[in-house]
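Asker: Please find one structure pasted underneath; my questions will follow.
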Amino acid sequence: MAEGARERSLFERLDRRPRLDPGLLAQASTRDLAYRFGAGALTSIAAGVATLLFGARASGILLAFPATLAASLTLIEEQEDSEDAREDARGAVIGGAAMTVFAAVATLTLGHIAGALALTIAAIAWLAGALLGYVTLWWR
Amino acid sequence: MHDALIVAVKGLAGGTLVVLFALLSEGLRPKRFAGLFSAAPAVALVGLTITLLDKGPHQAHESAAGMIAGGAGMVAYAVAAVSLLRRVRAARASAAGLLAWAGVSALAALPLLA
């Protein structure tokens, strides 16, 4: 556990404006990315195999399997601390709710409009839902 | 052979898109905002796209309908993780959270699979 992270004040942990720090991208290790690749690949393969065995609707449940979140929480705790992992999980509550919106929009649109357009609209719905949820609950 | 190839392509593409979202999440602050992207529908986007191309819109529609149940489970997983991480390490919290995912997904799936 990082000493610096433990000493951070509550003030510093309070919600700050969202930002993208490109410098942090360079700190992602190959091992961490490989771990996440494995989690995503295994989930996708499991969903594909489940489709063959149980049909599309039953296997669709696995499309929302939290493999990547589980991998991220473990890695965040290793690199930073449990509080940062909890923060990530808090955000994922809203991301997960937005994922349900994605699925609902995709269900409503696939088969009625062009597939690419349906998935694009569903992805936008996910992003809009996630951002709206974050802003509503935590924007300061 | 064709089905095996499709599954392999899903695996490669799914892993790649997850890495891209993970990189984005790594660069975002605060962590709570980055967490939105830890629950991004990366696997679903890949799975549904390939299903659309391979099997057509009806099967993709069916998969998306099933995903609604999984999405409810994802929320349950994240809520459980927030609570459990206060007491146990992430690996144990993740494993226990998966029980929450499975339970809630199964309940939510009952009306969808009936």
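The values are calculated or read from the model by the stated rules, or taken from the named source; none is laboratory data. This structure is a prediction, so every number in the text was calculated from the model and none was measured. Because the Cβ atoms are built from the backbone with ideal geometry, glycine has one as well, and the counts that use them run over all protein chains shown. All accessible areas refer to the heavy atoms of the entire protein, side chains included, with ligands and DNA or RNA removed. Shrake-Rupley method; radii C 1.70, N 1.55, O 1.52, S 1.80 Å.
Asker: I'm checking my understanding of the structure. Among residues of the range B:85-107 that are surrounded by 21 or more Cβ atoms within 10 Å (Cβ to Cβ) and out of contact with any Ser or Thr (no Cβ under 6 Å at 6 or more places or on another chain), which one is nearest to A:Ala103 (Cα to Cα)?
Answerer: Start the filter on the range B:85-107 by keeping residues that are surrounded by 21 or more Cβ atoms within 10 Å (Cβ to Cβ), which leaves B:85, B:90, B:93-94, B:97, B:100-101, B:104-105.
Narrowing the set further to residues that are out of contact with any Ser or Thr (no Cβ under 6 Å at 6 or more places or on another chain) leaves B:93-94, B:97, B:100-101, B:104-105.
Numbers: B:Ala93: 26, B:Ser94: 23, B:Gly97: 21, B:Ala100: 19, B:Trp101: 16, B:Val104: 16, B:Ser105: 13 Å.
For the range B:85-107, the residue satisfying everything is B:Ser105.
Asker: Here is a further query. Condition test on B:Pro41, is it under 23 Å from A:Glu87 (Cβ atoms) and either polar (S, T, N, Q) or at pLDDT 95 or above (or both)? Step through it out loud before you land on a result.
Answerer: Working: under 23 Å from A:Glu87 (Cβ atoms): yes; either polar (S, T, N, Q) or at pLDDT 95 or above (or both): yes.
Spelling it out, B:Pro41 is indeed under 23 Å from A:Glu87 (Cβ atoms) and either polar (S, T, N, Q) or at pLDDT 95 or above (or both).
Asker: Would you check which residues across the range A:91-115 are surrounded by fewer than 23 Cβ atoms within 10 Å (Cβ to Cβ) and touching a Gly at 6+ places or on another chain (Cβ under 7 Å) and list them?
Answerer: Passing the criteria: A:Ala97, A:Val101.
Asker: Here is a follow-up. Kindly indicate the residue of the range B:1-15 that is without any contact (Cβ under 8 Å) to a residue 12 or more places away in the chain and open to solvent by 30 Å² or more (accessible area, probe 1.4 Å) and also farthest from the other protein chains (Cβ to nearest Cβ) among those meeting that condition. Talk me through it step by step, then tell me what you get.
Answerer: From the range B:1-15, those without any contact (Cβ under 8 Å) to a residue 12 or more places away in the chain are B:1-5, B:7-8, B:11-12, B:15; that's our starting set.
Pick out the ones that are also open to solvent by 30 Å² or more (accessible area, probe 1.4 Å) and you get B:1-5, B:8, B:12.
Numbers: B:Met1: 13, B:His2: 11, B:Asp3: 6, B:Ala4: 9, B:Leu5: 10, B:Ala8: 8, B:Leu12: 7 Å.
Looking at the filtered set, the residue picked out is B:Met1.
Asker: Just to be sure before I move on: is A:Ala67 without any contact (Cβ under 8 Å) to a residue 40 or more places away in the chain and not assigned by TED's automatic domain parsing to the domain that holds A:Ala39 in the structure I sent? Show your work before the answer.
Answerer: Working: without any contact (Cβ under 8 Å) to a residue 40 or more places away in the chain: yes; not assigned by TED's automatic domain parsing to the domain that holds A:Ala39: no.
Taking the combined requirement at face value, the residue does not satisfy it.
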